[in-house]
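A short write-up of the structure that comes next.
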Amino acid sequence: MAEEKELRYDPAAIEPKWQERWAADPSMYAAEPHSGGKPKYYVLEMLPYPSGQLHMGHVRNYSIGDALARHMWMRGYNVLHPMGWDAFGLPAENAALKNNTPPREWTLANIAAMKRQMQRLGLGYDWATEVTTCLPDYYRWNQWFFLRMYEKGLAYRKKSKVNWCPECATVLANEQVIDGRCWRHEDTIVEQRDLVQWFFRITAYAQELLEGLDKLEGWPEKVRIMQRNWIGRSEGTDVEFGVENRSERIRVFTTRIDTIFGATSVQLAPEHALVTALAADDAGLREQVAKLLDEQKKAREAGDIGEIEKHGIPTGRFAINPYCGELVPIWVANYVLSDYGTGAIMSVPGHDERDFEFAKKYAIPIRRVIAPADPHADQSELPFISEDGVLVNSGDFNGLSCHDAQSKLQEIAKSKGFGEATVTFRLKDWGVSRQRYWGTPIPIIHCEHDGIVPVPDDQLPVLLPERIEITQQGGSPLSKVSGFVNVTCPKCKGPAKRETDTMDTFVDSSWYFYRYTDANNSASPFAPQTAQYWFPIDQYIGGVEHAILHLIYSRFWTKVMRDLGLIKNDEPAQRLFTQGMVIKDGAKMSKSKGNVVSPDDMVARYGADATRMYALFAAPPDRDLDWQEDGVAGVSRFLGRVWRIVMRYAPAARAGAQSKADNPQGLALKLLRKLHQTTAKITQDFEGRWHFNTCVAAIMELVNDIQAADAQLAAGEVPAPVMHELLQTLVLLLAPFAPFLAAELWDELGGEGAVLRQPWPKSDPGLIKEDEIEIPVQINGKLVSLIRVPAGSDAKAIEAAALAEEKVKSRTAGKTVAKVIVVPGRAVNLVVK
Ligand SMILES: [Zn+2]
Ligand SMILES: [Zn+2]
């Protein structure tokens, strides 16, 4: 029964053996020296947060990247395929509190566990370049970059609103605010407090971040649209209203200066400086404003300021329209935000939906100042939002188109000094301060004499103290570590205090992929020439949920590094691919739904190859994948068939290794043709279509064809050299998808060296094409078209193909085809009347 055993596919025996061999040879997946002359290829999957367990979303993401990396290795590229850990963040602090484990230990143990899982899956990473963001050899460079940005005015401090739990006495992240309450104190309403926070001036790059999107043709359009909306550029006009009997001016921004003659009120934020001034000696106003402010705070805390029920109060004061001197009432409104734009708006109810609603509610006059350009359009309906119109009720400007009026009114504002054309962005500066322990300490010292003093470079890293007590109460944990806080001022040598905020963890992921290129550099974040060799990333792969924050921050960071002279590329990644989610029974996998499928279970039952291949086969990579265990079992059975076929015919194939088949015929030709067609399809898919599901399906078809010919193969009908090409190429085609099985079978077929170092098979176009022949079609003796039909088609099939051809169809439309003469393999003649 020895034969039976040999024919049984047993991934539990094969896979650990190869895993061990690969682990023992770090050069296997290592990038080569740049001088090697090979073209470079940098393929990267987004680094995970080390929660301690891979989930199926990870497996899918990494299976895509690993298949691509393996394919590119076989195509002869010098491939960089690294992995690391986004290792700072709140869960480690929560775990510390819950289990009394220090965040560092908890995190490093999780990393070790996940690394074992990745290795068991056979993912081909270059572990020599591993990056762990919570370790000082990495985060010291966060600090170094912070200092460079501070020097350039790109890092600065300002007062800003934060979520504050009075019970915790600490700042909360947005995700810790649930329905306006603290996540740990269900009965405690989270407040908004003003705290001085550190910011990165990402808005300095707003225009470039926007324009760069046009060039990112290798990014999904949906991601580019999301970023455009997030950056939110709008062109418009800044214009100042005067205030009757007062010296202040009210600056507003509008995209529709052409409607300013329709402004029937000016609306101020409750915290606008003029409101504060007016309320100073008006207790009644003060009280009402406080109420509006309270409503605004609550709406902000609930996270839906756009949905606030709009309230306002008239101040009894008047603003002066700078173009016509008209007096319009000044209101205070709860939906106008002091930290958005100028904190004031002109309200034009005739031509703005929101203003219209507000004016109707409070009986503020509604005036038409734009008439539809089309004289037949309804002239009475308001609000009229379109810019396709002409000005009316607008003094000297009546009759101008909206567009002309905009430039005319901008010119006047500029020449008279009460306004100008401006561009505004929705994008805000990036608040990076966190009052938490498990993050990069901000390298700043506060001195009573010298103010803000940067930590000198030679004192980096500012180490995160270990074994501190984490209570998540009473403010920043670092502020309670006196050994950390109290320092000597580098300037005056007097006593001073360290900054106790740590950096947002998005800082870590903004540049980690540069560190991979030179991960062990202790003198600089990376050697510029090394990064310049590898960048931009050729293919970045990750979830679409990172479309905004991570992918905008890392584009910003790249531009900053370029301006520091470290790199030459403007963008981090040439191509981006966003894979779909893995779901189960139609829903996202989650513990609470009880529908989580563990990668370890799948690997234990079916092997890593089947698990990975199923993740690629079950759906196109950009679509959601509904995990079906039956499907994994099916892929495993398929791999078993491959195993048996190769094992059975390996002796025959080995016998043909040294020679090439001359002029194969019959079954040999049929199988070779199928092989080359499959090769062509998979090669093409790797070049950009990425329909890995159909690639796997094509390999399955090929294997079916081989299996169907089993009896003839057993009878030796196919020459040994063809068997050799057939099986060896099959194994090479499988290698990016099922690396363990491919390695084992490669050995079995007598292949030399590692599969990964074999050239990717080439398809012979002649061999593929021969399947079809071209036949000319004539109508009444004139050549009209050429059709392609399978070689050996009969007269009936050729006639049908000819009549279905577009040109033939158009020339016979409405006419009678009197006769069809088919010369099989040669020509078709139609007689048409
Ligand atoms: Zn709380
Ligand atoms: Zn000092």
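Brief remarks on what is shown
- Residue match in the stretch 446-460 (condition: assigned to a loop (DSSP other than H, G, I, E, B), away from ligand 1 (no atom under 16 Å from the Cβ), more than 20 Å from Tyr156 (Cα to Cα) and not aromatic (Phe, Trp, Tyr)): no
- Number of residues in the stretch 143-180 that are within 16 Å of ligand 1 (Cβ to nearest atom) and either open to solvent by less than 70 Å² (accessible area, probe 1.4 Å) or modelled with pLDDT of 85 or more (or both): the value is 14.
- One residue alone among Pro490, Pro465, Pro525 is in a loop (DSSP other than H, G, I, E, B) and open to solvent by less than 10 Å² (accessible area, probe 1.4 Å), and that residue is Pro525.
- Residue selected from the stretch 292-310 under the condition among the charged types (D, E, K, R) and surrounded by fewer than 14 Cβ atoms within 10 Å (Cβ to Cβ), by the criterion nearest to Ile178 (Cα to Cα): Asp304
Here is a yes/no grid of residues against (1) open to solvent by less than 40 Å² (accessible area, probe 1.4 Å); (2) in a helix (DSSP H, G or I):
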position	(1), (2)
Gly688	yes, yes
Glu725	no, yes
Val731	yes, yes
Gly753	no, no
Leu756	yes, yes
Ser763	no, no
Val784	yes, no
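- Tabulated pairs, the stretch 191-206, first under 16 Å from Arg436 (Cβ atoms), second charged (D, E, K, R) and crowded, with 21+ Cβ neighbours inside 10 Å, C-beta under 7 angstrom, 6+ apart or interchain: Trp198/Asp501
- Search result, residues across the stretch 420-459 that are within 19 Å of Asn486 (Cα to Cα), more than 16 Å from ligand 2 (Cβ to nearest atom) and open to solvent by 40 Å² or more (accessible area, probe 1.4 Å): Asp457, Asp458
- Residue within the stretch 49-71 that is in contact with a Phe, Trp or Tyr (Cβ under 7 Å, 6 or more places away or on another chain), of a type in the set (Ser, Thr, Tyr) and open to solvent by 10 Å² or more (accessible area, probe 1.4 Å) present: no
- Taken together, the residues in the stretch 403-430 that are without any contact (Cβ under 8 Å) to a residue 40 or more places away in the chain, closer than 15 Å to Val252 by Cα and in a helix (DSSP H, G or I) amount to 1.
- Which listed residue, of Leu671, Leu675, is out of contact with any Ser or Thr (no Cβ under 8 Å at 6 or more places or on another chain), of a type in the set (A, V, I, L, M, F, W, C) and in a helix (DSSP H, G or I): Leu671
- Selection of the stretch 528-569 for residues being open to solvent by 10 Å² or more (accessible area, probe 1.4 Å) and polar (S, T, N, Q) yields Gln529, Thr530, Gln532, Asn569.
- Of everything listed in (1) more than 38 Å from the chain's Cα centre (by Cα); (2) at pLDDT 95 or above, the single unmet condition for Ala373 is (2).
- Candidate set from the stretch 389-406 (those that are surrounded by 14 or more Cβ atoms within 10 Å (Cβ to Cβ) and out of contact with any Gly (no Cβ under 9 Å at 6 or more places or on another chain)); member that is nearest to Tyr323 (Cα to Cα): Phe397
- Close pairs from the stretch 179-190: first without any contact (Cβ under 8 Å) to a residue 60 or more places away in the chain and within 17 Å of Lys298 (Cβ to Cβ), partner in a loop (DSSP other than H, G, I, E, B) and more than 6 Å from ligand 1 (Cβ to nearest atom), Cβ under 8 Å, at least 6 apart: Arg181/Asp187; Arg181/Val190; Cys182/Val190; Thr188/Pro166
- Unmet requirement for Leu741, which otherwise passes all of (1) open to solvent by 30 Å² or more (accessible area, probe 1.4 Å); (2) at pLDDT 95 or above; (3) in contact with an Asp or Glu (Cβ under 7 Å, 6 or more places away or on another chain): (1)
- Yes/no for Phe241 being within 22 Å of Thr500 (Cβ to Cβ), buried (at least 18 other Cβ atoms within 10 Å of the Cβ) and away from ligand 2 (no atom under 16 Å from the Cβ): no
- Among the residues of the stretch 263-291, the ones that are in a helix (DSSP H, G or I) and either open to solvent by 50 Å² or more (accessible area, probe 1.4 Å) or free of Cβ contacts under 8 Å to residues at least 12 places away in the same chain (or both) come to 11 in all.
- With respect to the conditions (1) more than 16 Å from ligand 2 (Cβ to nearest atom); (2) farther than 26 Å from Gly218 by Cα; (3) at pLDDT 95 or above; (4) not basic (Lys, Arg), Asp504 lacks only one, and its number is (3).
The values are calculated or read from the model by the stated rules, or taken from the named source; none is laboratory data. Just so it is clear, the structure is predicted and the values come from calculations on it, not from any experiment. All Cβ positions, even for glycine, are placed from backbone atoms using ideal geometry, and neighbour counts span all protein chains on display. We work out accessible area using only protein heavy atoms, side chains counted, and drop any ligands, DNA or RNA first. Shrake-Rupley method; radii C 1.70, N 1.55, O 1.52, S 1.80 Å.
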